[in-house]
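**Q** Below is a structure I'd like to ask you about.
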Amino acid sequence: MSSRGNKIFIRGEERKIRTAEKLIRELMQLSREEPALSPEDIRAAIRSAPESEGISLKELFLDNIQVASKRRFIIPKTSTQKAYIEAIRHHDIVIGIGPAGTGKTYLAMAMAINAFLKKQVSRIVLARPAIEAGEKLGFLPGDMYEKINPYLRPLYDALYDMMEAEKAARLIERGVIEIAPLAFMRGRTLNDSFIILDEAQNTTSEQMKMYLTRLGFNSKTVITGDVTQIDLPQGKSSGLVEIVRILDGIKGINFIFFSEKDVVRHKLVQEIIKAYEKHEKRNPEG
């Protein structure tokens, strides 16, 4: 590609030229309506262009989720992220599986806050299994709540990114937003709630069954996890791996699978994930 004045010249294979021309025209149109496009947004557009033939960039980027923060809204960056948002809108149980950095939990949190603001649900419940990955809970200082707090920190981080800290703190204090370890879900029925189960690859079969049967009336749940990062003790099956087989084909439940193409963190994260996948294919026993 080269440019002269207000003209851009593209050389290459005809099919690729058409893709590049379509991408440039859509980015021009998009920049008029959304002038705050960042270099990362443009990189995401380039990555998604070959695989989203039927989706315009305008449709992808302007399909936003309003949240209660100065950011105003969250936008999907890839066609898989867009499909994930659509699945959450139209299904009561959505399972998002894929590597870190693909926006699984972040977008689910945005959808939960959006549903709460629109009064579609009366509370948000965020759960995570408190699995010990290398450090025993007993060695951590403080009472039980202080011990489990590090495991729940990523959920707090995502929440505070989308909602003013004071407002979030008030809602947590009133119990409207609840952030708790998965074990605290036992014996409860959650009605009129948006529930997110994060790091679900670290649930056991029994925990996953217990969690899925907590869903009450007018409730929605999103389950997220990365099946390549299981920290369960040897011999324990992952509840997330099992439900891919057990729940497949049930109407009202939707699975969305992310890949390294959907990673929206630093560009090197994509390369790291690809390198690990190659390594694991070469050394399956490792």
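Per-residue answers, yes or no, for (1) of a type outside the set (Asp, Glu); (2) modelled with pLDDT of 75 or more; (3) open to solvent by 20 Å² or more (accessible area, probe 1.4 Å):
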| position | (1), (2), (3) |
| --- | --- |
| 84 | yes, yes, no |
| 119 | yes, yes, yes |
| 124 | yes, yes, no |
| 151 | yes, no, yes |
| 159 | yes, yes, no |
| 164 | no, yes, yes |
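**Q** Right, here's the next one. Taking the stated definitions as given, is residue 189 among the hydroxyl-bearing types (Ser, Thr, Tyr) and under 22 Å from the mean Cα position of the chain (by Cα)? Quick ask: steps written out before the conclusion?
**A** Working: among the hydroxyl-bearing types (Ser, Thr, Tyr): yes; under 22 Å from the mean Cα position of the chain (by Cα): no.
No: the conditions fail for residue 189.
This table checks each residue for (1) open to solvent by less than 100 Å² (accessible area, probe 1.4 Å); (2) aromatic (Phe, Trp, Tyr); (3) touching a helix residue (DSSP H, G or I) at 6+ places or on another chain (Cβ under 6 Å).
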| site | (1), (2), (3) |
| --- | --- |
| 216 | yes, no, no |
| 222 | yes, no, yes |
| 234 | no, no, no |
| 241 | yes, no, no |
| 282 | no, no, no |
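**Q** Spot the failing condition for residue 188; the list is (1) open to solvent by less than 20 Å² (accessible area, probe 1.4 Å); (2) closer than 24 Å to residue 119 by Cα, and only one is missed.
**A** Here residue 188 meets the rest and fails (1).
**Q** Is it the case that some residue within the stretch 245-259 is touching a Pro at 6+ places or on another chain (Cβ under 8 Å) and open to solvent by less than 60 Å² (accessible area, probe 1.4 Å)? Break it down stepwise before answering.
**A** Here is the first cut: in the stretch 245-259, the residues touching a Pro at 6+ places or on another chain (Cβ under 8 Å) are 258-259.
When the remaining residues are screened for being open to solvent by less than 60 Å² (accessible area, probe 1.4 Å), the result is 258-259.
Yes - at least one qualifying residue is present in the stretch 245-259.
**Q** Do any helices (runs of 4 or more DSSP H) entirely within the stretch 169-286 hold 3 or more residues that are closer than 22 Å to residue 106 by Cβ and without any contact (Cβ under 8 Å) to a residue 24 or more places away in the chain, and if so, which?
**A** Working: elements: 205-212, 239-246, 267-282.
Hits in the stretch 169-286: 267-282.
**Q** Considering only the stretch 180-199, state which residues are in contact with an Asp or Glu (Cβ under 9 Å, 6 or more places away or on another chain) and over 26 Å from residue 102 (Cα atoms).
**A** Across the stretch 180-199, the qualifying residue is only 184.
**Q** Could you check, for the stretch 128-139, whether at least one of its residues is within 22 Å of residue 210 (Cβ to Cβ), open to solvent by less than 70 Å² (accessible area, probe 1.4 Å), modelled with pLDDT of 85 or more and not acidic (Asp, Glu)?
**A** yes
The values are calculated or read from the model by the stated rules, or taken from the named source; none is laboratory data. Because the structure is predicted, anything quoted here is derived from the model rather than measured. Cβ sites come from the backbone with ideal geometry, for glycine too, and all protein chains shown count toward neighbours. Side chains included, ligands, DNA and RNA excluded: accessible areas come from the protein's heavy atoms. Shrake-Rupley method; radii C 1.70, N 1.55, O 1.52, S 1.80 Å.
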